[in-house]
């Protein structure tokens, strides 16, 4: 009976190590649709019911610790049909914009895939303590970005400078039972923002 080669044994040992598995992570590309509040810098007449809608391509590269976002199209719809938005003229730049992005807002399969890509990036950049169950608890991140909008050509650019992982932990009673919201019946969570991770620029 043949025994396994030493090389195979070493490979199995390395694959069991979290750091090595993260190093094997490949970059992933996602087609994203995102809706968010319209920053006041892009809302010259202060229309209250208007949003920003983006069709974007995200490339998450754990090995390079980078995330790039390419805005393919964007729109500024308003809930109130009588409202219109006056965009600023020329080029508008918005630096150090921070906002929370929740995986729970995505379809289930996409949420899992993006979450795994983000976890690979986080573990490759700044491994988190093992007592966190990242697939169960890392349910959102804060993106820290610089934005630029060209009014004449309607070109919108984003640069992802950093992200902050957010751990969600269920609130419990003194008996260890999950605490439920009395109105919705859903579990109540509290959020813990971890250390900001600066990203490389692609």
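The values are calculated or read from the model by the stated rules, or taken from the named source; none is laboratory data. If you're wondering where the values come from, they're calculated on a predicted model, not measured in any experiment. Virtual Cβ from ideal backbone geometry, glycine too; neighbours counted across all protein chains shown.
Results for (1) part of a strand (DSSP E or B); (2) exposed (fewer than 10 other Cβ atoms within 10 Å of the Cβ); (3) in contact with a helix residue (DSSP H, G or I) (Cβ under 9 Å, 6 or more places away or on another chain), shown as yes or no for each residue.
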| site | (1), (2), (3) |
| --- | --- |
| 153 | no, yes, no |
| 157 | yes, no, no |
| 161 | yes, no, no |
| 164 | yes, no, no |
| 167 | yes, no, yes |
| 176 | no, yes, no |
| 182 | no, yes, no |
| 191 | yes, no, no |
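When the residues of the stretch 71-87 are filtered to those that are out of contact with any helix residue (DSSP H, G or I) (no Cβ under 7 Å at 6 or more places or on another chain), surrounded by 14 or more Cβ atoms within 10 Å (Cβ to Cβ) and within 17 Å of residue 151 (Cα to Cα), the one that is modelled with the highest pLDDT is 71.
The condition (being part of a helix (DSSP H, G or I), in contact with a strand residue (DSSP E or B) (Cβ under 7 Å, 6 or more places away or on another chain) and touching a residue at least 24 places away in the same chain (Cβ under 8 Å)) is satisfied by just one residue among 114, 119: 114.
For (1) in contact (Cβ under 8 Å) with a residue 12 or more places away in the chain; (2) more than 19 Å from residue 55 (Cα to Cα), each residue gets a yes or a no:
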position	(1), (2)
147	yes, no
150	yes, no
158	yes, no
161	yes, yes
167	yes, yes
172	no, yes
178	no, yes
183	no, yes
187	yes, yes
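Which condition breaks for residue 92 when tested against (1) more than 20 Å from residue 166 (Cα to Cα); (2) surrounded by 14 or more Cβ atoms within 10 Å (Cβ to Cβ); (3) at pLDDT below 85? With respect to (1) more than 20 Å from residue 166 (Cα to Cα); (2) surrounded by 14 or more Cβ atoms within 10 Å (Cβ to Cβ); (3) at pLDDT below 85, residue 92 is out only on (3). Filter the stretch 20-70 down to the residues that are in a loop (DSSP other than H, G, I, E, B), surrounded by 14 or more Cβ atoms within 10 Å (Cβ to Cβ), touching a residue at least 40 places away in the same chain (Cβ under 8 Å) and more than 21 Å from the chain's Cα centre (by Cα) and list them by number. Selection gives 43 alone. Of the listed requirements (1) surrounded by fewer than 12 Cβ atoms within 10 Å (Cβ to Cβ); (2) closer than 25 Å to residue 70 by Cβ; (3) modelled with pLDDT of 90 or more, residue 195 misses just one: (2). Check the stretch 169-190 and report whether any residue there is closer than 24 Å to residue 67 by Cβ and over 14 Å from the mean Cα position of the chain (by Cα). Taking every residue of the stretch 169-190 in turn, none turns out to be closer than 24 Å to residue 67 by Cβ and over 14 Å from the mean Cα position of the chain (by Cα).
For the condition more than 19 Å from residue 34 (Cβ to Cβ) and out of contact with any strand residue (DSSP E or B) (no Cβ under 8 Å at 6 or more places or on another chain), residue 135 qualifies.
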